[in-house]
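What follows is a short report on a single structure.
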Amino acid sequence: MTDAVLFDAREDGIAIITINRPEQRNALSREVREALWDVWRRFEADDGLRIAILTGAGEKSFCAGGDLKEMVEAGMTVPPADFIPAPYDNLQLTKPTIAAVNGFAFAGGWLIAQNCDLCVASTNAKFAITEVKVGRGSPWAAPLIHMIPQRIFMEIVLTGKPITAQRAYEIGLVNRLVEPAELLDSAIALAHEVLEGAPLSVKAARETVMLSTEMGRSAALQAARAAHEFAYRSDDGQEGPRAFAEKRKPEWKGR
């Protein structure tokens, strides 16, 4: 693995993934893309890791998107399906993720932040889907209709103009807005809040949210019940109520 993407597997179950090309605004060059595929697979395969935080090195840019010069040199037309590793899309993950956005999250940078389950942004962050400005496309933006209002979605993709971190927070794209120096600590704190939950319950809860964006009400309810059944029948499903009754912190086993 190169130093284009850093991977920190912490003992508390959190993986911190850092795009490490600040001099290139953390753009998604071939080297960065290949490294991201590797680290995401490493995260998924490690049973000791329960949640990941994705961020960019430096304060100026989370990720400026694809390397346009590289695309021109390659004569790229329609990007291949595996061009950018997009969590829960072409990259299958079963664990929750948090984007910690510092500086620019443009085009492909918006994509990878959007695909994470949660988003913490620094006050200096800016978000943009700039593809109309360079004659490219953003089909990956389709799921935004489940995250932000239609009129705002339309303006963002038609104009390609950036929005501030404050605006992103107001429209519901960002969960928490913090000062730049507090970004990673805030993302870690949010990760710990998720980690306090029973692993199987967290997994089922995440699946329920995703099912709800893909199905009608009745179908989603049935699918959600099925997704939660394993958690209900697990050892942790008994440990939680027992710990509450005994006024102690539960000891989750993930089974």
Sorted list, accessible surface of protein heavy atoms, 1.4 Å probe, largest first, for TRP252, TRP37 is TRP252, TRP37
Note to self: with every protein chain in place and a 1.4 Å probe, the chain gives an accessible area per residue in Å² of 53 Å²
In nanometres, the difference between 0.36 nm per residue of separation and the alpha-carbon distance of ASP82 and ASP8 is 24.2 nm
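How large, in percent, is the carbon and sulfur part of the accessible surface of the stretch 6-137 at a probe radius of 1.4 Å?
Working: 2810 of 5610 Å².
Answer for the stretch 6-137: carbon and sulfur cover 50 percent of the accessible area.
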Checking the stretch 170-213 for GluC sites (Glu not before Pro) in a loop per DSSP with at most 16 other beta-carbon atoms within 10 Å yields GLU196
Taking protein heavy atoms only, a 1.4 Å probe, and rounding to whole percent, the accessible area of the stretch 160-216 owed to carbon and sulfur comes out at 54 percent
Inter-part gap, Cα centre of the stretch 13-36 to Cα centre of the stretch 152-170, in whole angstrom, is 24 Å
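Computed FRET efficiency, Cβ-Cβ of GLU246 and ASP47, R0 25 Å: what is it to the nearest 0.05?
Working: r = 28 Å, r/R0 = 1.10.
The computed FRET efficiency comes out at 0.35.
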In terms of the charge dipole of the chain, which places +1 on Lys and Arg and -1 on Asp and Glu at the beta carbon, the residue among GLY254, ILE84, ALA204 farthest towards the positive end is ALA204
Simple SL model, points at 7 angstrom along Cα→Cβ for LYS253 and GLU23; separation in nm is 5.2 nm
Comparing VAL39, VAL78, VAL178 in a Gaussian network model of the chain (Cα, 10 Å), the one with the largest mean-square fluctuation is VAL78
Once normalised by the length of the chain, the mean sequence separation of its alpha carbon contacts under 8 Å that are 6 or more apart gives a contact order in percent of 14 percent
Cα pairs beyond 20 Å in the stretch 127-255, in percent, come to 64 percent
With every protein chain in place, the accessible area of LYS253 for a 1.4 Å probe, in Å² rounded to the nearest 10, comes to 110 Å²
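Only Cα pairs under 8 Å and at least 6 apart count here; give the relative contact order of the stretch 31-152 as a rounded whole percent.
About 25 percent, as a whole number.
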In Å³ per residue, the alpha-carbon convex hull of the chain encloses 138 Å³
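Relative contact order of the stretch 99-194, please, whole-number percent, based on alpha carbon pairs below 8 angstrom and at least 6 residues apart. Intermediate values should be presented prior to the final figure.
Values: 153 pairs, mean separation 34.1, N = 96.
Relative contact order for the stretch 99-194 comes out at 35 percent.
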Pairs over 31 Å Cα to Cα, from LYS161/LYS203; LYS95/LYS247; LYS133/LYS203; LYS95/LYS249; LYS95/LYS133; LYS60/LYS249, come to LYS161/LYS203; LYS133/LYS203; LYS95/LYS133; LYS60/LYS249
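The values are calculated or read from the model by the stated rules, or taken from the named source; none is laboratory data. As the structure is a computational prediction, the values presented were derived from the model and not from experiment. Heads up, the Cβs are rebuilt from the backbone with ideal geometry, glycines too, and the neighbour counts pull from every protein chain shown. Just so you know, the surface numbers come from the protein's heavy atoms only, side chains and all, with ligands and any DNA or RNA stripped out. Shrake-Rupley method; radii C 1.70, N 1.55, O 1.52, S 1.80 Å.
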